[in-house]
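Structure, as structure tokens:
The values are calculated or read from the model by the stated rules, or taken from the named source; none is laboratory data. In this text the structure is predicted, and so the values were computed from the model without any measurement. Quick reminder, even Gly has a Cβ in these numbers, built from the backbone with ideal geometry, and neighbours come from all protein chains shown. We work out accessible area using only protein heavy atoms, side chains counted, and drop any ligands, DNA or RNA first. Shrake-Rupley method; radii C 1.70, N 1.55, O 1.52, S 1.80 Å.
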Amino acid sequence: MRVIVGHYVGGTNGGNLSEDVIHKNNYAPVPGAGEGGRPVQLSQRELITARELYSLHSYNILVSDKISINRSLPDMRSDRCKEVVFDLDNLPTATVIIVFHNEAWSTLMRTVMSVLMRSPTQLLQQIILVDDASDRRYLFQELDEAIEKLDRVQLLRNPERTGLVGARLLGAKKATGDVLVFLDAHCEVTPGWLEPLLDRAGSDDVFICPHIDLLSEDTLAYTKSIDAHWGAFSWRLHFRWLIPGGDVLRKKSENPSKPYPTPAMAGGLFAVRKSLFWRLGGYDEGMTIWGAENLELSWRAWQCGARVEITSCSRVGHIFRRHSPYKYPGGVTKVLHANLARAATVWMDEWADFFFKFNPDVATIRDQQTVADRVELRKNLKCKSFAWYLSNVWPQHFFPTDQRWFGRIKSEKGGCIGVNPGTLGLGSPAVAVECITQMGLESLVVFTPEGKIMTDEGLCLQQGNGRALWKSCSDSSKQIWIQKGPRLKTQEGLCLTLVVNKDSHGVGDPLTSKKCLTDDKQIWHFNRVPWR
Ligand code: LR7
Ligand code: MN
């Protein structure tokens with residue numbers, strides 16, 4: 001499973017919708033709609049309206065407004081998880097922190113109500129909502145009044161928009177529970193969600209994430225997401241869900257109710273003991289609006305002696321959106337790049353050089369970042385190196401290292417081994433791509449001592465039936481290529497061959513493995529590129 005997060009293009013924020021439409025709460029529950037997590041279908045006419053309103057939230061607001069804020073959801077846990085008995089008297093208490101900016105009223109309230117309905121009273125200390133300077137009018141007095149009626153829920157207002165980091169810190173400073181539990185403002189928790197989080201967060205050395213299920217942005221149907229996933233990131237530091245390493249999978253199937261490690265968290269949904277959160281430095285307050293704080297926190301946790309884990313026994317639904325509906329001061333790219341530059345500078349050591357070298361746009365704003373206090377924090381906490389993180393936390397990573405060759409593998413006929421930028425990558429037939437000589441990552445590969453040819457996004461060149469393919473890197477022997485002089489051989493002794501079309505100069509031509517001959521099409525030039 002590969003869910004793309006952090007690829008946003010920025011929202012239009014309502015475009016030319018009328019003020020009345022933008023600022024009004026149209027919550028009007030229809031009995032039965034969406035109950036049990038079922039999808040809500042709209043009439044043809046409603047669908048047209050829903051489409052017009054889509055840019056407001058990047059999900060179907062008409063559907064959300066039809067579903068009760070108290071809707072029922074099934075128990076999403078596996079049988080093994082249901083068997084676990086928790087001693088509630090000995091679990092720490094929780095402060096649930098939900099920050100929001102211009103969220104829909106019904107979605108926000110459904111998040112709050114799901115927590116109230118499905119958390120044992122003795123464990124839920126409080127819910128703190130933090131309004132990150134929303135300007136939608138239905139989130140003013142109307143929200144105040146709704147919140148006042150609820151027990152243990154309080155609403156804080158960020159005087160100025162800081163983004164989610166500033167808003168979460170505001171909430172965390174007011175928290176009186178033992179454990180901080182963060183949620184996005186468009187989530188729904190399911191039965192039994194809180195206990196496994198508190199059980200694990202109690203141990204004071206772990207950031208524990210629930211298993212994140214999917215709430216459809218079109219119908220709000222609750223669906224399970226793929227069972228075995230963990231979080232990591234691409235060469236461009238985009239967050240990615242990937243398949244965990246084999247040993248993790250094995251342990252997970254032996255004991256499905258046991259939390260398992262993850263190199264990175266998605267960012268929005270996790271629990272951590274309050275003392276640990278502050279001891280490790282809260283968040284980087286220099287990060288504005290959105291993005292990269294999830295990687296920063298994950299690296300910091302691992303490198304500074306804590307862990308990041310996922311428990312599949314805590315199931316929370318989240319509305320995944322294709323576009324971000326908010327305004328980003330200066331534009332989404334600028335905001336995200338500044339945050340990524342901070343995180344990389346502080347935590348990635350020589351891999352920061354790799355990131356900046358191949359992302360010149362980010363490099364230009366690198367020097368504008370003041371991160372001295374975060375570097376100091378890293379020193380004071382005596383945190384480990386990024387090299388340690390890669391080899392111990394994420395040994396299956398696909399970044400270059402000092403032991404791995406990095407560069408362009410160019411065919412005698414022209415064209416380089418790489419992933420065609422226009423294609424999906426995963427599962428697609430490998431073709432020679434243009435040997436981009438600037439800093440483009442498309443024609444660059446990592447060639448490992450074991451013989452794997454890896455590209456960005458964790459793709460490995462795999463020998464297929466008549467055609468080489470880009471597949472998720474695995475232990476398969478079909479992904480092993482042995483360099484013999486200018487040739488690349490499979491374990492059966494076949495040679496990597498470019499199937500040249502006339503006049504193509506190699507670019508766009510498929511790769512395959514064939515009987516070795518004295519043939520130009522099997523000759524490769526290894527052009528090493530320094531990666532840092
Ligand atoms: O300026 C802002 N102020 C805010 O208060 C911008 C956002 N926010 C709030 C917003 O209302 C929401 O409640 O912050 C929360 C997160 O923003 P989203 O929902 O737009 O983020 P996302 O779900 O697209 O992205 C994921 O990555 C983000 C990187 O900054 C955050 O870490 C999000 O919390 C995170 N979401 C999840 O991890 C949920 C699972 C998604 C996945 C994968
Ligand atoms: Mn979200």
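Scanning the range 60-101 for residues that are open to solvent by less than 30 Å² (accessible area, probe 1.4 Å) and either within 16 Å of ligand 2 (Cβ to nearest atom) or basic (Lys, Arg) (or both) returns 60, 61, 64, 71, 96, 97, 98, 99, 100, 101.
Residues in the range 186-199 that are within 29 Å of residue 299 (Cβ to Cβ) and in contact with a Ser or Thr (Cβ under 6 Å, 6 or more places away or on another chain) were compared, and the one that is surrounded by the most Cβ atoms within 10 Å (Cβ to Cβ) is 193. Suppose we keep only residues that are polar (S, T, N, Q) and open to solvent by 20 Å² or more (accessible area, probe 1.4 Å) within the range 254-296. Which one would you say is nearest to ligand 1 (Cβ to nearest atom)? Once the filter is applied, the top-ranked residue is 288.
Looking across the range 308-337 at every residue that is among the β-branched types (Val, Ile, Thr) and more than 11 Å from ligand 1 (Cβ to nearest atom), the one that is most open to solvent (accessible area, probe 1.4 Å) is identified as 333. Of the residues 375, 371, which single one is at pLDDT 95 or above, open to solvent by less than 20 Å² (accessible area, probe 1.4 Å), of a type outside the set (Lys, Arg) and out of contact with any strand residue (DSSP E or B) (no Cβ under 9 Å at 6 or more places or on another chain)? Within the list 375, 371, the selection yields 371. In the set (1) within 16 Å of ligand 1 (Cβ to nearest atom); (2) open to solvent by 20 Å² or more (accessible area, probe 1.4 Å); (3) not aromatic (Phe, Trp, Tyr), the condition left unmet by residue 205 is number (1).
Taking residue 102 as the residue in question, decide whether it is in contact with a Lys or Arg (Cβ under 6 Å, 6 or more places away or on another chain) and either away from ligand 1 (no atom under 16 Å from the Cβ) or closer than 30 Å to residue 336 by Cβ (or both). Criteria met by residue 102. Inspect all residues belonging to the range 152-161 and state whether any of them is under 26 Å from residue 195 (Cβ atoms) and open to solvent by 40 Å² or more (accessible area, probe 1.4 Å). Yes, there is a match, as at least one residue in the range 152-161 is under 26 Å from residue 195 (Cβ atoms) and open to solvent by 40 Å² or more (accessible area, probe 1.4 Å).
Pairs are defined by a Cβ separation below 7 Å, a sequence spacing of at least 6 or placement on different chains, a first member in the range 161-176 that is assigned to a helix (DSSP H, G or I), and a second member that is of a type in the set (A, V, I, L, M) and open to solvent by 10 Å² or more (accessible area, probe 1.4 Å); the pairs so defined are 164/99; 167/99; 168/99; 170/156; 171/99; 171/156; 174/156.
Of the numbered conditions (1) part of a loop (DSSP other than H, G, I, E, B); (2) open to solvent by 20 Å² or more (accessible area, probe 1.4 Å); (3) more than 21 Å from residue 359 (Cα to Cα), residue 462 fails exactly one; give the number of that condition. Status for residue 462: all satisfied but (1).
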